[in-house]
Amino acid sequence: MKRKKKHILDGIRVLDFSQHVAGPGVTRMMAEMGAEIIKLELAPAGEQIRAVGMKINDRSVYFIQQNRGKKSICVDMRTDAGKAIVYDLVKKVDIVLENFAPGAIGRLGLPWEKVHELNPDCIMCSVSTFGQDGPLATLPGYDFIGQAYAGITSMIGDQENGPYIPLAALGDTMTAAHALAAINAALYERATGGGGQFLDICLLDCYFHCHEMNVGMVSASKGEYSPMLPGRHHGAVGPLGVFKSKDGYIILIAILGRWKDFVEVMGKPELLEDPRFVDDAARAANQNVLTPIIESWLQEQESDAEVIRLLGERHIPVAPILSIEQVLQHPHMLERGTVRTVSDRGAGEFQMPGTPLRFSAYANDLDLQAPYLGEHTEEILSGLLNMNAEEISALVEKGILVREAIPEAALKAGSQ
């Protein structure tokens, strides 16, 4: 009788060395799709973000969000015994994932060549800021560093104050999605007769992949066109941007055919005949004149909610600029599971982003828990490598394996 799969990647096993967001973001989505994720943490402290951000009962909320559904084993790879354990695990997995600086996984004894030697069918994915080769490859990097080199930061901010940074891990999570796409393609290739292969995925490539029209315009114009820091408004088409409204700020997009509808809603038909506003490019070029007209109308209205209702009736794209607190309470986000409430054994109940990947054949919210350090040592080593309790205990005593004590309250919560 065929075993019923719990989700679409049930049966896929990953050995995950990654830390922070970009790498763990890949395996977080894979865990949410049913894959078995063995989180290989380096002794003695394990994943760095266990100690980062808000903690509740000594549990990092940041760590929980990135690592729910994963199994933890903490190994000292500086030792021969530790390397031997890792090598044996590589033979048992479908994917090896890491996001150390280029060359670091090799110095730990596990370059792609070694992975391929141990397991020719294994797929290895390395996630980095600049990629595994090229002049920038060895530089230290994070999300904002890749963003700056990709020309993205140069388009966020205003002329008066200069560039800004977004307080969201846009590059890390988007790179995780690109890496997941590559991994799934490699799994398909393997399933249709191919073998294992190496995947080199980096933030810089993925960030540059996000550019809309500016790259082509700069190149095709031979440098004559140079996008400026836009401030609150799009530099090429308009009206498109952030406008001061009655209650705060809204996002409004009235370009292409929506301009006529928008003018009608405002009750300003004379704008249709104004040569300064004849098309999207002209409106963008004259936004210093057009923006005060629009904002004056917005601030004359009863409320932002009324503006959104009026424009929504004419299918003009408009949105309030919600705070995180408002998003957490929004009925649409709650109904779709965009915002999800989870219950962690140690930190208790809180809200976090739900999975964006939805499948009609499977439930889309598996009941997952983030691991304590080394929590699954016995399960992994006995189940996959046939090691007995005495062997495991001896390695723990020598510090080759590390595991933290799980609080009694967490054990009770996990058994309920």
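In percent, rounded to a whole number, the relative contact order of region 278-416 is 14, using alpha-carbon pairs under 8 Å and six or more apart. The slack between SER154 and ILE293, meaning 0.36 nm per residue of separation minus the straight C-alpha distance, is 47.2 nm. Approximating the spin labels as points 7 Å out from Cα along Cα→Cβ, the LEU256-to-HIS211 distance works out to 2.3 nm.
State to the nearest 20 debye the size of the charge dipole of the chain about its Cα centre, where the only charges are +1 on K and R beta carbons and -1 on D and E beta carbons. It would help to have the intermediate numbers written out before the result.
On the way: 39 positive and 53 negative charges, 166 e Å.
For this selection, approximately 800 debye.
Based solely on its DSSP helices, what 222 nm [θ] is calculated for the chain when runs of n ≥ 4 H residues each add -39,500 (n - 2.57) and the sum is averaged over all residues, nearest 500 deg cm²/dmol?
Numbers: 18 runs with 160 residues, N = 416.
Result for the chain, helices only: -11000 deg cm²/dmol.
Reported to the nearest whole Å, the Cα centre-to-centre distance from region 211-276 to region 330-356 is 35.
Between ASP58 and TYR249, 0.36 nm times their residue separation minus their Cα-Cα distance comes to what?
Extra length available between ASP58 and TYR249 comes to 64.9 nm.
For the peptides 383-391, 339-347, the ranking by mean Cβ contacts within 10 Å, running from highest to lowest, is 339-347, 383-391.
Accessible area per residue for region 97-222 in Å², computed with a 1.4 Å probe and the full protein assembly in place, what is it?
Value returned for region 97-222: 51 Å² of accessible area per residue.
Normalised by the empirical 2.2 N^0.38 Å for globular proteins, what value does the Cα Rg of the chain take? That ratio works out to 1.18. Structure shown: which of LYS246/LYS268; LYS91/LYS412; LYS39/LYS398; LYS4/LYS83; LYS92/LYS114; LYS6/LYS83 lie over 23 Å apart, alpha-carbon to alpha-carbon? Pairs exceeding the cut-off: LYS91/LYS412; LYS4/LYS83; LYS6/LYS83. Annotation for ASP133 and ALA168: the two label points, set 7 Å from Cα along the Cα-Cβ direction, are 3.5 nm apart. Using only Cα atoms, tell me the angle between helix 304-313 and the longest principal axis of the chain; keep it within 0 to 90° and round to the nearest 10. Once rounded, the angle reads 80 degrees.
Structural descriptor for the chain: relative contact order 19 percent, calculated from alpha carbon pairs under 8 angstrom and at least 6 residues apart.
What the Cβ-Cβ distance of GLU391 and ASP121 gives, at R0 = 45 Å and to the nearest 0.05, is a FRET efficiency of 0.95.
The values are calculated or read from the model by the stated rules, or taken from the named source; none is laboratory data. What you are looking at is a predicted structure, and each value in this text was computed from that prediction instead of being measured. FYI the Cβ positions are ideal-geometry reconstructions off the backbone, even for glycines, and counts take in every protein chain you see. Areas reflect the complete protein model, heavy atoms only, side chains present, ligands, DNA and RNA absent. Shrake-Rupley method; radii C 1.70, N 1.55, O 1.52, S 1.80 Å.
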